[in-house]
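What follows draws every value from the coordinates through simple rules; no lab data is involved. None of the values given here were measured: they were computed from a predicted structure. Methodologically, a virtual Cβ is constructed for each residue, glycine included, from the backbone with ideal geometry; neighbour enumeration extends over all protein chains shown.
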């Protein structure tokens, strides 16, 4: 069951971790403090992947694409 404090149930996504005390235990991109949900929400709002990568330079285009694909597959989200 997905946690109500997360936009997507990130369980099973190797790119995402939850660490108690790190960003209040929210799902973040592994090894960062970047909220995984933020990446997906930016894409849904129409931000091009290149722009998202400019805003989060610690993430590769490939990582961003994989996060969006995981969210799309797990939630049936429509992502631009």
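Checking the range 62-73 against the condition returns no match, with no residue being assigned to a loop (DSSP other than H, G, I, E, B), surrounded by fewer than 17 Cβ atoms within 10 Å (Cβ to Cβ) and over 12 Å from the mean Cα position of the chain (by Cα). Close contacts from the range 54-68, counting a first residue that is without any contact (Cβ under 8 Å) to a residue 12 or more places away in the chain and a second that is surrounded by 18 or more Cβ atoms within 10 Å (Cβ to Cβ), with Cβ to Cβ under 9 Å and a gap of 6+ residues or different chains, come to 60/53. In the set (1) part of a loop (DSSP other than H, G, I, E, B); (2) farther than 16 Å from residue 74 by Cα, residue 53 fails one condition alone, (1). Within the range 23-34, how many residues turn out to be surrounded by 18 or more Cβ atoms within 10 Å (Cβ to Cβ) and not in a loop (DSSP other than H, G, I, E, B)? Residues flagged as surrounded by 18 or more Cβ atoms within 10 Å (Cβ to Cβ) and not in a loop (DSSP other than H, G, I, E, B) within the range 23-34 amount to 2.
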